[in-house]
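Working notes, beginning with the structure itself.
Read-outs throughout are calculated quantities, based only on the coordinates presented, and are distinct from any laboratory measurement. A quick note: this is a predicted structure, and the numbers were derived from the prediction, not measured. Note that each Cβ is placed from the backbone with ideal geometry, even for glycine, and that neighbours are counted across all protein chains shown.
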Amino acid sequence: MLRKELGDFSSIVCFKAAITGMEEALGEKATAIALIAAGRSRGKNLAKELGLSQSNIGWDLVADKVGFALGINGTKLCKIESIVEKDDVVKVFTSETLCSAGEPEGSTRKCTYTLGAVWGVIEEISGKRLKGSHTESVLRGGNHDVFEFTPLV
């Protein structure tokens, strides 16, 4: 436990206020770059902590282990619903992401920190340098926030 009385977690409201404050100070693009980089670092460290670095386990088991760490039993960053790979493209289906929480329907907000965290996990496990993108959003009619990762050539 990191704090004696308050515990290890703070609110989404405070985190999102930090994001919007950074956007006001740095601009939307610079903030997105910083949050994605921070998330990737967190994701890589999480994969190492879970003993998943360059492991050869199935994506279903990765989804379970990482989903546990990031979901209701862990940090509550998001729910990992599933991870699928087809033709070297890895798609991660998430819900209840920190970034989409409290946003109005139709919002153009993209997941940044959450995308980065998942990106770092997938890179650390695969041992490959990847390009990541937020391809579907619950804010714009999707059933999930979907993150797609393709190898950099």
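Note on the stretch 53-80: residues that are under 23 Å from P151 (Cβ atoms) and either in contact with a strand residue (DSSP E or B) (Cβ under 8 Å, 6 or more places away or on another chain) or not in a helix (DSSP H, G or I) (or both) total 12. Within the set G141, G58, G67, the sole residue that is surrounded by 15 or more Cβ atoms within 10 Å (Cβ to Cβ), over 23 Å from T31 (Cα atoms) and without any contact (Cβ under 8 Å) to a residue 40 or more places away in the chain turns out to be G67. In the set T94, T114, only one residue is touching a residue at least 40 places away in the same chain (Cβ under 8 Å), within 24 Å of C14 (Cβ to Cβ) and assigned to a strand (DSSP E or B); that residue is T94.
Of the residues contained in the stretch 12-31, none is found to be of a type outside the set (D, E, K, R), under 25 Å from V90 (Cβ atoms) and surrounded by 12 or more Cβ atoms within 10 Å (Cβ to Cβ).
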